[in-house]
Amino acid sequence: MTWDQGLHKATTVLAGEQGTRELTYLEAIRAALRYEMQRDQRVLVMGEDIGVYGGAFKVTQGLIEEFGEDRVIDTPMTELAMIYAAIGMSFEGFLPVVEMQFADFISTGFDAIVQFAATNYFRWRQPVPITIRAPGGGGLRAGPFHSQSNEAWFVHTPGLKVVAPATPADAYGLLLSAIRDPNPVIYYETKYLYRSLKGMVPEGEALTPIGQAAVRRSGEELSIIAYGAMVQEALSAANELERAGHSIEVLDLRTLKPLDEAAILATARKTGKVLIVHEANRTCGVGAEVAALIAEQAFEYLDGPITRLAAPDTPVPYSPPLEDAYRPNAAKILAAARELLAY
Amino acid sequence: MTWDQGLHKATTVLAGEQGTRELTYLEAIRAALRYEMQRDQRVLVMGEDIGVYGGAFKVTQGLIEEFGEDRVIDTPMTELAMIYAAIGMSFEGFLPVVEMQFADFISTGFDAIVQFAATNYFRWRQPVPITIRAPGGGGLRAGPFHSQSNEAWFVHTPGLKVVAPATPADAYGLLLSAIRDPNPVIYYETKYLYRSLKGMVPEGEALTPIGQAAVRRSGEELSIIAYGAMVQEALSAANELERAGHSIEVLDLRTLKPLDEAAILATARKTGKVLIVHEANRTCGVGAEVAALIAEQAFEYLDGPITRLAAPDTPVPYSPPLEDAYRPNAAKILAAARELLAY
Amino acid sequence: MNEIDDELLQQAHYWMRLTRALDDRGTFLHKQSKIVGGYFSQIGHEALSVAAALSLGPKDIIAPMHRDLGAYLVRGLTPRRILAQWLGRETGVTRGRDANLHGMGDLSLGIIGFISHLPASTGVITGVAHGIKLKGEPRVAMCFFGDGSASQGLAHEAMNWASVFKLPMVIICENNQYAYSTPLSRQMAIEHIAQRAAGYNMPGVIVDGNDFAAVYHATKEAVERARSGGGPTFIECKTMRMRGHAIHDNMAYVPKELLAEWEARDPIARIEAELRARGLLDDAKLAALLARIEAELDEAQAFAEASPYPDPATLTDGVYA
Amino acid sequence: MNEIDDELLQQAHYWMRLTRALDDRGTFLHKQSKIVGGYFSQIGHEALSVAAALSLGPKDIIAPMHRDLGAYLVRGLTPRRILAQWLGRETGVTRGRDANLHGMGDLSLGIIGFISHLPASTGVITGVAHGIKLKGEPRVAMCFFGDGSASQGLAHEAMNWASVFKLPMVIICENNQYAYSTPLSRQMAIEHIAQRAAGYNMPGVIVDGNDFAAVYHATKEAVERARSGGGPTFIECKTMRMRGHAIHDNMAYVPKELLAEWEARDPIARIEAELRARGLLDDAKLAALLARIEAELDEAQAFAEASPYPDPATLTDGVYA
Ligand SMILES: Cc1ncc(C[n+]2csc(CCOP(=O)(O)OP(=O)(O)O)c2C)c(N)n1
Ligand SMILES: Cc1ncc(C[n+]2csc(CCOP(=O)(O)OP(=O)(O)O)c2C)c(N)n1
Ligand SMILES: [Mg+2]
Ligand SMILES: [Mg+2]
């Protein structure tokens, strides 16, 4: 088969009837890659050690056997050329999914993302439909260079989309959407959840739309706005508070750029008290944007200070007592929420 | 003379009596470089075309004649190696000042800044006393790659300091402070002001401390918080409003990381209405952090929504009507301020 | 130039003359403040950019940079769209979004619009070549980059990638002696940039970049190698940037003798000497050609000047596809 | 190994044995979950890291990476501080801030702590070498990087910079056949990475990285060249990573024969054969040496385990100098 006969067409091979299955967060990512690769021959994956080895975290395990080395490309160790290569491939009609071995190494390919991919459509109307998978976050004692949550760099940069699934279903559904989106999408997956979080994941066309947050838990007194690994922590804290008689809403942002402003403002207006939580460093993080948005557009509805709980402005430390002090978790959310409830 | 005899010592050659002189913003930067290089033999400057040619904007003109090519280093065209080289030189006791030809090209040297320089002291207690000069900002019809205001990338990254002078005196005083600071400092200078803004600049030891904002104009009804090129625009708008009987405070942030939280909170508490202005893109910009800070810590004092006026989330466009629509200016500040005053 | 047939030589002559005339017009329009911001002249590069582009077929792809006006024109980007681009008009290649020669991309013509961050052309073309190879199509991807850009890590990564995957790619290195004010001696410790090709197990060819025929032969051979599965080739074209880096630069740093030496090797003078030798050109024919080109450019400029500026209301429209 | 005198050989033997023993202990402590996160074994690299470090003087500077435990030890970083580092204690080199071998820097010992983003060592050492040259001191800067790291643009930029400024620098390329799971054939299209040295007009030397004497001679010569103003040298040490990339990696992707071939070339077995041939080593002496080393490491481990974890209250203290 030549490219013209088949590859340019998106072929929905796998529609079938929709069931669901229980998958880990990691399995959900792999399932999404497989589904998209089966469905559309333009989709390919590439990265360091992702083929024969199956990836540093084994996310892509089995893909090279199923799809061959033309579509599962083990690359030289070179993030900048890799992202540029993905951009160039997209100009030839491919839909490349690039794996950064760790989100931390995305800075090595930075120019290709923020200067080229982000601006291209704006400049000469040529879309850059690439997806960059960035395994981020800490809690694994991996130190300053294997634990970063650096999404704010890209949330600030015009022309990119940024997503951060918190559940297996969204890990699946957002990856489908990211791959099909005509824009460069950075997909922050949370290493901490890879094997620790399981959930029901629909089969087939279960896309999570980019740009839509999800209310994970409805409540009246206080809104916790979180994303990625912090959503589970927020839910634990909210459950605990419920036992103490409080009614807490938890909003999972899911997409960090473009933000679901309507959902953010709706929850803020509903409860009047907002606690924003993320694992990334505090200053100029996504939480700052969410807070600013609320302060500007839901000002009259507020019954307390917009509160942020984020990592302090230090690199991610290695030693367990330091990392535990560094990283937000359910207990810290609980304390911050209690304080805000008491305001 | 060998290094050990002289270079390691900071030698205040130029104390003298302090006069002042009128300088353009650009001349003030050059004066600061000369002063520091005369004062301390550890200071050197390097960058593309900064020696023989005097720099793309002629900021370093005359320095190679005065200090020789060992201390005014024309480099190959390679931002990443250049910043790494500066880091390495700092380990040998030098205080290098690196010029990015345009702030836009700082992304090419990104890893060296955010991964190495920013984290080094945290990791093994070795300071990285380098200064990176980044000529930023638009208004010059220079398009998406010669107009960027990308400071938020670095404000978000722990371990860096970021300054952005708005006046010739601060261009001088903050550069002195940046060079002497034991940490990596990114010095955003505003190309738009290079030759268009003149002001009195003290001679000698007139350091502007890092971390201190300046109230440029005192007022009661509304605070405009700005930095860089937007300070002059804010002052024009404030003057205009004064003629209409309003009392406006203008706070010039001067340092973007670490922010002068006390000054920000003081002005917010004083006036109860805050308009934040910057030329950088809106989402997750410095304005978001300032707004979030106020929303969290000055909540009770607010009489109106915290308002941001920033560039929209697009690359900087080239064509004059587009760039004019893109970039905040006095007229747009005036409109936003009027709206907020009427709240 | 013996092996270049008359027709190709005449064709090349037209493109080189058009390139220079359009470039001169750019300078002129800048002096008139009609082009705001910067302007980058390519005078001296006509032979290499036109020859490299002419060695390609219609479905091949190029990633040029800021001194490859000749290549844009040969690929079919019209002076109308280019002039409208320079004047920041909605009818320009980037609809007033990108500045001067930046971003002049149009995949329907097989052209990738460059970004400032050099040498992005080498990175992105690697991906195009990789895509072509995966599709198994007999097409070629060609990039251009300069002597200064050769110092950037990306050039290395791209060449390595192209060689590991044996991609159908041709790398044109425009060694024009300077990167802005920086001479070769300050950029590298070697005499020929092509010496680096061995580090990627690819042929490293050195040609006189001001000799149309020499560049054409070298690129043609490399294009054929790429097309037939032989992998990438590195071609260093020795030339000279005959103007300042950008229009504001009086290039006081360039020794007069060096300029004079290259003035004597002007690519257009050389192709015209050959055409005259073959009896294909005389003063009258040249005058007619130049008049035709000026008329074409007058018309294009009129189009550009009559074109509207982009509507500010559309500012944020085009960020996402 | 003829030209290496007895004393140096014995010294090297000690360091190589200490390196391996400490490395084995790291693996052991990881299995005991005392080292959390990752652990990177260097087994196979002992000769090259020890030889390169021994060729330097006390005021020289090195920028090692994650498989250069031997070099850290030779430069004077004690097993105590290293073990405390691995266990995340306040008495470790980074006071619990950086992970496993990362960041083990101490300029008083002439060691730069590496970051993950490879090959930062090449970049930062370029600056050190530049600083040394500006000061006119007879000192040398040496960096280490791997075959995978060689694909990164920074390696190119750093080598180019070093050659343009003719810096007193020695570049040790540890070609251990793999970068994580990626074999050389997928990393580059050339046989020897040293072939790239010509692209920077610097000597490109290839040595058997498992032969202490060969590495020592090559590095010594390069160090002398650098010290006397002769500029940078590139030395490719052929070796083999005898364990997985990190401790979790069973390296199923490595052909058994390849491992066996390199097993037979074990650097420690080779130096011990030479010592025995010279009559400097026998079973009893070896047993005594190993016992001494184990005692040293027991004491160091006890120190590390008795050391406190960092106080969480100090978390944000050390961000700014
Ligand atoms: C990464 C990067 N750094 C700096 C610049 C600024 N700059 C624009 S062109 C140029 C010189 C380019 O030299 P070369 O590659 O030789 O091309 P030439 O202009 O000589 O044709 C420089 C330094 C840039 N465009 N990109
Ligand atoms: C820029 C960057 N990308 C990816 C990684 C992840 N990574 C860590 S070590 C390694 C392999 C390094 O290979 P090589 O340079 O040959 O050194 P070796 O581990 O074989 O000694 C990779 C891919 C990294 N550290 N830095
Ligand atoms: Mg050039
Ligand atoms: Mg290796």
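Among C:Gly44, C:Gly57, C:Gly76, C:Gly26, which is small (Gly, Ala, Ser), within 16 Å of ligand 3 (Cβ to nearest atom) and away from chain B (no Cβ under 14 Å)?
C:Gly44
Condition test on B:Gly138, is it in a loop (DSSP other than H, G, I, E, B), more than 16 Å from ligand 3 (Cβ to nearest atom) and within 14 Å of chain C (Cβ to nearest Cβ)?
The answer is yes for B:Gly138.
Please work out if A:Phe122 is under 17 Å from the mean Cα position of the chain (by Cα), free of Cβ contacts under 8 Å to residues at least 40 places away in the same chain and assigned by TED's automatic domain parsing to the domain that holds A:Leu63.
Against the criterion (under 17 Å from the mean Cα position of the chain (by Cα), free of Cβ contacts under 8 Å to residues at least 40 places away in the same chain and assigned by TED's automatic domain parsing to the domain that holds A:Leu63), A:Phe122 does not qualify.
How many of the residues making up the stretch D:113-128 are aliphatic (A, V, I, L, M) and more than 7 Å from chain B (Cβ to nearest Cβ)?
Final tally of qualifying residues: 1.
On the given criteria, is B:Arg21 more than 14 Å from every other protein chain (Cβ to nearest Cβ) and modelled with pLDDT of 95 or more?
yes
Answer with yes or no whether A:Ala244 is among the small types (Gly, Ala, Ser) and either in contact (Cβ under 8 Å) with a residue 24 or more places away in the chain or surrounded by 24 or more Cβ atoms within 10 Å (Cβ to Cβ) (or both). Before the answer, list the steps.
On the way: among the small types (Gly, Ala, Ser): yes; either in contact (Cβ under 8 Å) with a residue 24 or more places away in the chain or surrounded by 24 or more Cβ atoms within 10 Å (Cβ to Cβ) (or both): no.
Considered against the rule, which asks whether it is among the small types (Gly, Ala, Ser) and either in contact (Cβ under 8 Å) with a residue 24 or more places away in the chain or surrounded by 24 or more Cβ atoms within 10 Å (Cβ to Cβ) (or both), A:Ala244 comes out as no.
Can you tell me how many residues within the stretch D:144-178 are aromatic (Phe, Trp, Tyr) and within 14 Å of ligand 2 (Cβ to nearest atom)?
3
Tell me which helices (runs of 4 or more DSSP H) are completely within the stretch C:1-100 and hold 2 or more residues being of a type in the set (Phe, Trp, Tyr), or say none if there are none.
Result: C:6-31.
I'd like the full set of residues that are away from ligand 1 (no atom under 12 Å from the Cβ), assigned to a loop (DSSP other than H, G, I, E, B) and closer than 20 Å to C:Ala155 by Cβ, limited to the stretch C:106-132. Working first, answer last.
So in the stretch C:106-132, the residues away from ligand 1 (no atom under 12 Å from the Cβ) come out as C:106-113, C:124-132.
Filter again for assigned to a loop (DSSP other than H, G, I, E, B), leaving C:110, C:112-113.
Result: C:Ile112, C:Gly113.
Count, please, the residues in the stretch B:71-115 that happen to be under 17 Å from B:Asp181 (Cβ atoms), touching a Phe, Trp or Tyr at 6+ places or on another chain (Cβ under 9 Å) and either within 10 Å of chain D (Cβ to nearest Cβ) or at pLDDT below 95 (or both).
Qualifying residue count for the region: 4.
How about the stretch C:277-321: which of its residues are of a type in the set (A, V, I, L, M, F, W, C) and within 14 Å of another protein chain (Cβ to nearest Cβ)? It would help to see each step written out before you state the result.
Residues of the stretch C:277-321 that are of a type in the set (A, V, I, L, M, F, W, C), as a first pass: C:277, C:280-281, C:284, C:286-291, C:293, C:295, C:297, C:300, C:302-304, C:306, C:313, C:315, C:319, C:321.
Across the stretch C:277-321, the qualifying residues are C:Ala304, C:Ala313, C:Leu315, C:Val319, C:Ala321.
Only one residue in C:Gly199, C:Gly153, C:Gly146 is surrounded by 23 or more Cβ atoms within 10 Å (Cβ to Cβ), under 26 Å from C:Lys256 (Cβ atoms) and either within 12 Å of chain D (Cβ to nearest Cβ) or within 16 Å of ligand 3 (Cβ to nearest atom) (or both). Which one?
On the way: C:Gly199 fails: under 26 Å from C:Lys256 (Cβ atoms); C:Gly153 fails: under 26 Å from C:Lys256 (Cβ atoms).
Going through C:Gly199, C:Gly153, C:Gly146 in turn, the sole match is C:Gly146.
What's the number of the condition B:Glu296 fails, among (1) away from chain C (no Cβ under 13 Å); (2) free of Cβ contacts under 8 Å to residues at least 24 places away in the same chain; (3) under 23 Å from B:Gly136 (Cβ atoms)?
So B:Glu296 meets the others, but not (3).
Look at the stretch C:270-321 and say how many of its residues are acidic (Asp, Glu) and not in a helix (DSSP H, G or I).
Residues flagged as acidic (Asp, Glu) and not in a helix (DSSP H, G or I) within the stretch C:270-321 amount to 2.
Failed condition for A:Pro321, given (1) over 20 Å from A:Tyr188 (Cβ atoms); (2) assigned to a strand (DSSP E or B), with all others met?
(2)
Condition test on C:Arg270, is it away from ligand 3 (no atom under 16 Å from the Cβ) and either over 20 Å from the mean Cα position of the chain (by Cα) or surrounded by 12 or more Cβ atoms within 10 Å (Cβ to Cβ) (or both)?
Numbers: away from ligand 3 (no atom under 16 Å from the Cβ): yes; either over 20 Å from the mean Cα position of the chain (by Cα) or surrounded by 12 or more Cβ atoms within 10 Å (Cβ to Cβ) (or both): yes.
Criteria met by C:Arg270.
Name the strands (runs of 3 or more DSSP E) wholly within the stretch B:166-257 that hold at least 1 residues that are within 22 Å of B:Gly287 (Cα to Cα) and not small (Gly, Ala, Ser)?
Result: B:185-190, B:214-217, B:222-226, B:248-252, B:255-257.
Are any residues in the stretch B:133-191 farther than 17 Å from B:Val97 by Cα and small (Gly, Ala, Ser), and if so, which ones?
Those that are farther than 17 Å from B:Val97 by Cα and small (Gly, Ala, Ser): B:Gly137, B:Gly138, B:Gly139, B:Ala142, B:Gly143, B:Ser147, B:Ser149, B:Ala152, B:Gly159, B:Ala166, B:Ala169.
Do the conditions hold for C:Arg139, that is, is it closer than 26 Å to A:Val72 by Cα, away from ligand 2 (no atom under 16 Å from the Cβ) and out of contact with any strand residue (DSSP E or B) (no Cβ under 6 Å at 6 or more places or on another chain)?
Working: closer than 26 Å to A:Val72 by Cα: yes; away from ligand 2 (no atom under 16 Å from the Cβ): yes; out of contact with any strand residue (DSSP E or B) (no Cβ under 6 Å at 6 or more places or on another chain): yes.
When the stated conditions are applied, C:Arg139 passes them.
From the set of residues in the stretch D:29-48 that are over 24 Å from A:Phe145 (Cα atoms) and out of contact with any strand residue (DSSP E or B) (no Cβ under 6 Å at 6 or more places or on another chain), which is surrounded by the most Cβ atoms within 10 Å (Cβ to Cβ)?
Within the stretch D:29-48, the match that is surrounded by the most Cβ atoms within 10 Å (Cβ to Cβ) is D:Ala47.
Just to check your reading of the model, which residue among C:Val164, C:Val170, C:Val205, C:Val215 is within 16 Å of ligand 1 (Cβ to nearest atom), over 30 Å from B:Ile50 (Cα atoms) and modelled with pLDDT of 95 or more?
C:Val215
Quick one: would you say D:Glu137 is farther than 30 Å from D:Leu29 by Cα, part of a loop (DSSP other than H, G, I, E, B) and of a type in the set (Asp, Glu)?
So D:Glu137 passes the test.
If you take the residues of the stretch D:163-190 that are touching a strand residue (DSSP E or B) at 6+ places or on another chain (Cβ under 7 Å) and facing another protein chain (nearest Cβ under 9 Å), which of them is surrounded by the most Cβ atoms within 10 Å (Cβ to Cβ)? Before you say what the answer is, go through the steps one by one.
To start, the set of residues in the stretch D:163-190 that are touching a strand residue (DSSP E or B) at 6+ places or on another chain (Cβ under 7 Å) comprises D:168-177, D:179, D:182, D:186-187.
From what is left, the residues that are facing another protein chain (nearest Cβ under 9 Å) are D:179, D:182, D:186-187.
Numbers: D:Ala179: 23, D:Thr182: 24, D:Arg186: 24, D:Gln187: 26.
Only one residue fits best here, namely D:Gln187.
The values are calculated or read from the model by the stated rules, or taken from the named source; none is laboratory data. This is a predicted model, so every value here is computed, not measured. As a convention, Cβ positions derive from the backbone with ideal geometry for all residues, glycine included, and neighbour counts pool all protein chains shown.
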